[in-house]
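See below for the structure under consideration.
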Amino acid sequence: EESEVMENKGVKEKTMEDGVAAMAACYAGFDPAAYLQYNYTAPRADFTRRDSIVPWKLGCLHRAFTEGDISGGLLVDVGSGPTLYQVLSGCEIFERLVLTDFLEVNRRELKRWLQDQGKSSLDWTPYLQHVCKLEGRGALAWSEKASRLRAVVSDVLPIDVHRPQPLAPGALPSPGADCLVSCFCLESVSPDLDAFTRALGHIGGLLRPKGHLILIGALGESFYQGGPGVQIPVVPLDEAQVCSSLKQNGFTLMRLEVYVLPDDMRVGVDDVSGIFFVKARKE
Ligand SMILES: Nc1ncnc2c1ncn2[C@@H]1O[C@@H](CSCCNC[C@@H]2Cc3ccc([N+](=O)[O-])cc3CN2)[C@@H](O)[C@H]1O
């Protein structure tokens, strides 16, 4: 009886390890420049349209970081990818920002922009200008925001959300981060819902008690193009599963907002049906 239970546990762990390894292999072909073109240019990033996805995301992030309950020293972005939009509001509130990603190609892309070494693959100016407008500073303050972001980002670190300790030992001060932000990462790197929920627990371990989690992700997505001819599987989530995973990991949900993609935002680079925005607090 007991040995049978042990045997089953072993099989389950083996299956999970295989699933995680298969996901890592998929990411070998991830192409940051192509990914940015697919998701961070018009129509998904059209600042003249209120119903475009990126203005919606930036609005949610602006509100979440400026309603007064979030403060502290250290903000960690989990699975930054090659994008910076997710920290344009938070960089004004935290003294230290740590960006993270699994792939060297993405960490290099971020460092290229941060060190202002030549051209990064995407011009972030319209994003900086849009968030400055949300902050009532007028778009001309965008270069000040760029300087602020460059000043507060202290590290761009490797991360693996499938490890109980996703970062290297000592990467963060012992209390942990005051706030985590993670966008479109967990569901895109997890072979199934159990792995998603486990990964959420792992990153929760990076956060101090009463710290905040800002989580943005895809609903109903089963694949996306990570580059030309690179199709990456995604675990399709619905709102109830997201809320259950948060609860299982000791997070108290403060706000859930959902964006349903209009037809002209479905451009073939994935099969996303909606996007969730979560603001939660670790108990
Ligand atoms: N084990 C790991 N631990 C941590 N990070 C890892 C791991 N493996 C890969 N990574 C890292 O995580 C990845 C994060 S980017 C994942 C893309 N997510 C799906 C994509 C995103 C997207 C964006 C915008 C819109 N929209 O409608 O506007 C829709 C969608 C839906 N499709 C990537 O950076 C990889 O490098």
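Can you grab the distance from the C-alpha centre of the range 237-283 to the C-alpha centre of the range 41-77, Å, no decimals?
Spelled out, the Cα-based centre of one part sits 15 Å from the other.
How big, on average over all directions, is the shadow cast by the Cα convex hull of the range 2-282, in nm²?
One quarter of the hull surface, i.e. the mean projection, equals 14.9 nm².
Provide the per-residue ³J(HN,Hα) series for the range 48-62, in order, calculated from phi with Karplus coefficients 6.51, -1.76, 1.60 and θ = phi - 60°, each as a whole number of Hz, with x at glycine and proline positions.
Values per residue, Gly and Pro as x: 8, 10, 5, 9, 7, 5, 5, x, 5, 4, 5, x, 5, 5, 4 Hz.
I need Asp69, Asp238, Asp31 ordered by Cβ neighbour count within 10 Å, fewest first.
Fewest-to-most ranking of Asp69, Asp238, Asp31: Asp69, Asp238, Asp31.
If you restrict to DSSP beta bridges whose two residues both lie in the range 158-234, what percentage is antiparallel, to the nearest 5?
Of the beta bridges lying entirely in the range 158-234, close to 40 percent run antiparallel.
Need the full-extension length gain, Ala42 to Lys210, defined as separation in residues times 0.36 nm minus the C-alpha distance. One decimal, nm.
56.7 nm
Return the single residue from Ser190, Ser71, Ser244 with maximal mean-square fluctuation; model: Gaussian network over the chain, springs between Cα atoms under 10 Å.
Most flexible of the set in this elastic network: Ser244.
Running a GNM on the chain with Cα contacts under 10 Å, which residue among Gly29, Gly68, Gly138 ends up with the highest mean-square fluctuation?
Sorting by GNM fluctuation, first place goes to Gly68.
Specify the residue with the greatest mean-square fluctuation among Gln115, Gln129, Gln86, computed from a Gaussian network of the chain linking alpha-carbon atoms under 10 Å apart.
Looking only at Gln115, Gln129, Gln86, the biggest GNM fluctuation is shown by Gln115.
Where does each of Val181, Val76, Val258 land when they are ranked from fewest to most other beta-carbon atoms within 10 angstrom?
The order, fewest Cβ neighbours first, is Val258, Val181, Val76.
Please report, in cubic angstrom per residue, the volume enclosed by the convex hull of the alpha-carbon atoms of the range 211-275.
98 Å³
With the cut-off at 18 Å, tell me which of the pairs Lys247/Lys282; Lys57/Lys247; Lys14/Lys247; Lys57/Lys279; Lys247/Lys279 have Cα atoms farther apart than that.
Exceeds cut-off: Lys57/Lys247; Lys14/Lys247.
Using only Cα atoms, tell me the angle between helix 193-204 and the longest principal axis of the chain; keep it within 0 to 90° and round to the nearest 10.
Taking the Cα atoms of the chain, the angle to 193-204 is about 60 degrees.
Quick one: angle between helix 142-152 and the longest Cα principal axis of the chain, in degrees between 0 and 90, rounded to 10, please.
Between helix and principal axis, roughly 40 degrees.
Explain nothing, just compute: Karplus ³J(HN,Hα) = 6.51 cos²θ - 1.76 cosθ + 1.60, θ = phi - 60°, for every residue of the range 228-235 in order, whole Hz, x for Gly and Pro.
x, x, 10, 9, 10, x, 10, 7
Express in nm, to one decimal, how much length is gained between Met254 and Arg266 on full extension, taking 0.36 nm for each residue of separation and deducting their alpha carbon distance.
Result for the pair: 1.4 nm of gain on full extension.
Do you know the relative contact order of the range 2-282, to the nearest whole percent, from alpha carbon pairs under 8 angstrom that are 6+ apart?
Reported relative contact order: 20 percent.
In what sequence do Ile214, Ile70 fall when counting other Cβ within 10 Å, fewest first?
The fewest-first ordering by Cβ neighbours comes to Ile70, Ile214.
For the range 168-181, in order, what is each residue's ³J(HN,Hα) by Karplus, 6.51 cos²θ - 1.76 cosθ + 1.60 with θ = phi - 60°, in whole Hz (x at glycine and Pro)?
Once rounded to whole Hz, the list reads 5, x, x, 5, 10, x, 4, x, x, 6, 7, 8, 10, 10.
What FRET efficiency would be calculated for the residue pair Arg50, Glu7, taking the C-beta separation as r and a Förster radius of 45 Å, to the nearest 0.05?
0.20
FYI, it's all coordinate maths here, none of it is from the lab. Not measured: the values here are computed from a predicted model. Positions of Cβ are backbone-derived with ideal geometry, glycine not excepted, and every protein chain shown enters the neighbour counts.
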